[in-house]
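The values are calculated or read from the model by the stated rules, or taken from the named source; none is laboratory data. Please read these numbers as outputs of a predicted model, since none were measured by experiment. We place every Cβ from the backbone using ideal geometry, glycine too, and count neighbours over all the protein chains shown. Note: accessible area is taken over every heavy atom of the protein model, side chains too, but ligands, DNA and RNA are not part of it. Shrake-Rupley method; radii C 1.70, N 1.55, O 1.52, S 1.80 Å.
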Amino acid sequence: QVQLLESGGGLVEVGGSLRLSCTASTLTFNTYGMGWFRQAPGKERESVAAISFTGGNIWYADAVKGRVTISRDNAKNTVYLQMSSLKPEDTASYYCAAGEFSAGLDSQRYHYWGQGTQVTVSS
């Protein structure tokens with residue numbers, strides 16, 4: 001069982017930046033592909049970004065491409081999501097997930113999920 005703990009969410013103004021972190025409680029973090037997903041009230045969950053187990057492959061959803069950067073530090077069991085130029089439509093609960101080596105943006109390929117961290121972008 002892998003437990004994931006997100007942090008770094010908060011309230012930010014339009015155009016601002018945030019960095020989300022997700023730390024995993026597993027000794028085999030470097031065998032998991034990691035992803036960030038988000039869900040706004042009344043909307044379906046959507047993918048944001050993903051990174052393969054080595055960090056060699058990265059995927060971004062079109063809605064955030066150019067504004068977010070995903071990275072990982074396998075020595076710290078942590079994956080990051082740096083977000084900039086935030087928009088009101090980025091407001092959502094952001095979830096970290098662990099899954100297959102190179103799960104990409106397919107949420108079905110992720111097996112472990114965090115509790116989420118709220119990001120609110122005020123206009």
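Run the accessible area of the range 27-123 with a 1.4 Å probe and give the carbon-and-sulfur part as a rounded percent. Before the final figure, lay out each step's value.
Details: 2230 of 4830 Å².
Solvent-exposed carbon and sulfur of the range 27-123 make up 46 percent of the total.
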Just to verify a number: what accessible area does Glu100 come out at with the full protein assembly present, 1.4 Å probe, Å² rounded to tens? 70
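Counting Lys +1, Arg +1, Asp -1, Glu -1, what net charge surrounds Ile58 among other residues with beta carbon under 12 Å of its beta carbon?
Working: positive: Lys65, Arg72; negative: none.
Overall, the nearby charge balance is +2.
For the range 1-62, state which trypsin sites (Lys or Arg not before Pro) are in a DSSP loop and have at most 16 other beta carbons lying within 10 Å of their beta carbon. Before the final figure, lay out each step's value.
Values: sites: Arg19, Arg38, Lys43, Arg45; in loops: Lys43, Arg45.
Within the range 1-62, the qualifying trypsin sites (Lys or Arg not before Pro) (loop, at most 16 other Cβ atoms within 10 Å) are Lys43, Arg45.
Counting Lys +1, Arg +1, Asp -1, Glu -1, what net charge surrounds Ala92 among other residues with beta carbon under 15 Å of its beta carbon?
Working: positive: Arg38, Lys43, Arg45, Arg67, Lys87; negative: Glu6, Glu44, Glu46, Glu89, Asp90.
Here the count lands on 0.
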Explain nothing, just the number: relative contact order of the chain, from Cα pairs under 8 Å at least 6 residues apart, as a whole percent. 36
Relative contact order in percent for the range 1-61 (Cα pairs under 8 Å, 6+ apart) equals 24
Please list, in chain and number order, the residues 5+ apart from Tyr112 or on another chain whose amide H is under 5 Å from its amide H, with Hs placed from the backbone. Ala98
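Mind checking the dipole of the range 52-91: about its Cα centre, +1 per Lys or Arg Cβ, -1 per Asp or Glu Cβ, Debye to the nearest 20? Don't skip to the answer; put the middle values down first.
Details: 5 positive and 4 negative charges, 22 e Å.
Computed about the Cα centre, the dipole is about 100 debye.
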Could you work out how much longer the chain between Ile58 and Ser25 gets when fully extended? Use 0.36 nm per residue separation minus the Cα distance between them, nm to one decimal. 9.7 nm
Mind giving me the FRET efficiency for Gln108 and Ala40? R0 is 22 Å, r the Cβ-Cβ distance, nearest 0.05 is fine. 0.60
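Per residue, how many Å² of accessible area does the range 1-122 show with a 1.4 Å probe? Please report the intermediate quantities before stating the final value.
Details: 6140 Å² over 122 residues.
Accessible area per residue: 50 Å².
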For the chain, built as a Gaussian network whose Cα springs stay under 10 Å, the top-fluctuating residue of Ser102, Ser47, Ser25: Ser25
